[in-house]
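Please find one structure pasted underneath; my questions will follow.
The values are calculated or read from the model by the stated rules, or taken from the named source; none is laboratory data. The structure presented is a predicted model; accordingly, all values stated were derived computationally and were not measured. Methodologically, a virtual Cβ is constructed for each residue, glycine included, from the backbone with ideal geometry; neighbour enumeration extends over all protein chains shown. Accessible surface is based on the protein model in full, side chains and every heavy atom, while ligands, DNA and RNA are left aside. Shrake-Rupley method; radii C 1.70, N 1.55, O 1.52, S 1.80 Å.
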Amino acid sequence: MIELRDIKKIYQLGGEEVHALDGVSLVIEDREFVAVVGASGSGKSTLMNIIGCLDTPDEGAYFIDGQDVSDLSEHDQSIMRNRKIGFIFQQFNLLPKLTAYENVELPLIYQGVSSAERKERVTEALKRVGLENRMWHRPNQLSGGQQQRVAVARALVTRPALILADEPTGNLDSHSTGEIMELLKELHRAGNTLVLITHDDEIASEAPRRVRLFDGKVVADMRSDARKADGSSGTDFDGNAVADRNMKAAPAPVMRSGPGGGSPGGGSAGTVSGPGEESFIPEEDPEEVTDGR
């Protein structure tokens, strides 16, 4: 279970305080599929960075499976990512010189998993996304939808407690988008916990629960049955259930990125490590990594 309590993240930009997250409280249960939706500048990328242990809040508390991870060191954040979280990014972030099999295998190499177990788990992950006949193809030999399936397999191969998907259909055509969304729903039905970050209300509507951010605040939280976890009425920002009378019309958004800007899917993050342990965060153009096979 994921629990955020009154999370705040403040950046100093040009001598001005920017409240990227302003008192966000959220509970995501095990095996839940939640879409976090908002325009650029709403705070959704900052929220993903905190949920993904890529950043820490300035105020508030964040718990994963009952463990307070609000103020972890970089080393401990790396361990948490390595053990608990799988990432899927908009840009796929596959290493161009490696095959699909080798791209999926890479996080296991960082974990020190044996060659025999790597083979079993990589093959299983690629079969799960329907690419068992494409495992020796390189990214330039795959369609965009197939590349994103490889990225999904890479997120699954470590058997994480949580899968974070940041705009996973942003670079795909409508057909491939439908395939990837159906794959994510299949993963949810199989018992995985998913958090989907998107600006697209139509994509968000595929998730059983939708949370809208605006100006760093949660302004809507709706489940498919239009009920919140506490039994109170939910809010349908698609206009199909209970209206949120407190929601304001959104003015032109203000960018909320922190220093360096954007989410980790843009290539700003890579292999993050602390003494004795590493976690793999794929980049758009990282150096080739091999294991001496």
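Cβ-Cβ below 8 Å, separation at least six or inter-chain, first residue in the range 147-160 and within 13 Å of Glu132 (Cα to Cα) and among the small types (Gly, Ala, Ser), second part of a helix (DSSP H, G or I) and open to solvent by less than 20 Å² (accessible area, probe 1.4 Å): which pairs?
Every condition considered, the pairs that remain are Ala153/Ala100; Ala153/Val104; Ala153/Val122; Ala153/Ala125; Ala153/Leu126.
Another question, then. What helices (runs of 4 or more DSSP H) lie completely within the range 106-216 and have 3 or more residues being out of contact with any strand residue (DSSP E or B) (no Cβ under 7 Å at 6 or more places or on another chain)? Working first, answer last.
Working: elements: 115-128, 144-156, 174-189, 201-204.
Result: 115-128, 144-156, 174-189.
Here is a list: Arg159, Arg138. Which entry is open to solvent by 50 Å² or more (accessible area, probe 1.4 Å) and at pLDDT below 95? Spell out the reasoning first.
Details: Arg138 fails: at pLDDT below 95.
Within the list Arg159, Arg138, the selection yields Arg159.
While we're here: Does Asp55 fit the bill of being part of a strand (DSSP E or B) and of a type outside the set (Lys, Arg)? Break it down into steps so the answer makes sense when it comes.
Values: part of a strand (DSSP E or B): no; of a type outside the set (Lys, Arg): yes.
Spelling it out, it is not the case that Asp55 is part of a strand (DSSP E or B) and of a type outside the set (Lys, Arg).
In the list Gly191, Gly216, which residue meets the criterion of being open to solvent by 10 Å² or more (accessible area, probe 1.4 Å) and not acidic (Asp, Glu)?
Details: Gly216 fails: open to solvent by 10 Å² or more (accessible area, probe 1.4 Å).
Within the list Gly191, Gly216, the selection yields Gly191.
Does Leu98 satisfy the condition of being part of a loop (DSSP other than H, G, I, E, B) and surrounded by fewer than 24 Cβ atoms within 10 Å (Cβ to Cβ)?
For Leu98, the condition - part of a loop (DSSP other than H, G, I, E, B) and surrounded by fewer than 24 Cβ atoms within 10 Å (Cβ to Cβ) - is met.
Six or more apart or on different chains, Cβ under 6 Å: which pairs go from a residue in the range 118-142 that's over 15 Å from Ile180 (Cβ atoms) to one that's polar (S, T, N, Q) and assigned to a loop (DSSP other than H, G, I, E, B)? Could you list them?
These pairs meet every condition: Trp136/Thr99; Arg138/Thr99.
So, in the range 9-42, how many residues would count as being over 19 Å from the mean Cα position of the chain (by Cα) and either of a type in the set (Lys, Arg) or in a loop (DSSP other than H, G, I, E, B) (or both)? Spell out the reasoning first.
In the first step, residues of the range 9-42 are kept if they are over 19 Å from the mean Cα position of the chain (by Cα); the result is 10-19, 22-23.
Filter once more, so that each one left must be either of a type in the set (Lys, Arg) or in a loop (DSSP other than H, G, I, E, B) (or both): 14-15.
Adding up the residues that qualify gives 2.
Is it the case that the range 12-25 has a residue that's touching a residue at least 40 places away in the same chain (Cβ under 8 Å), under 19 Å from Lys185 (Cα atoms) and touching a strand residue (DSSP E or B) at 6+ places or on another chain (Cβ under 9 Å)?
no
Anything in the range 57-71 that is open to solvent by 30 Å² or more (accessible area, probe 1.4 Å) and under 19 Å from the mean Cα position of the chain (by Cα)? List them, or say none. Walk me through how you get there before you give the answer.
Looking only at the range 57-71, we keep the residues that are open to solvent by 30 Å² or more (accessible area, probe 1.4 Å), and these are 58-60, 63, 65-68, 71.
Across the range 57-71, the qualifying residues are Phe63, Asp65.
Can I ask one more? What do you reckon, is Tyr101 within 25 Å of Gly170 (Cα to Cα) and hydroxyl-bearing (Ser, Thr, Tyr)?
For Tyr101, the condition - within 25 Å of Gly170 (Cα to Cα) and hydroxyl-bearing (Ser, Thr, Tyr) - is met.
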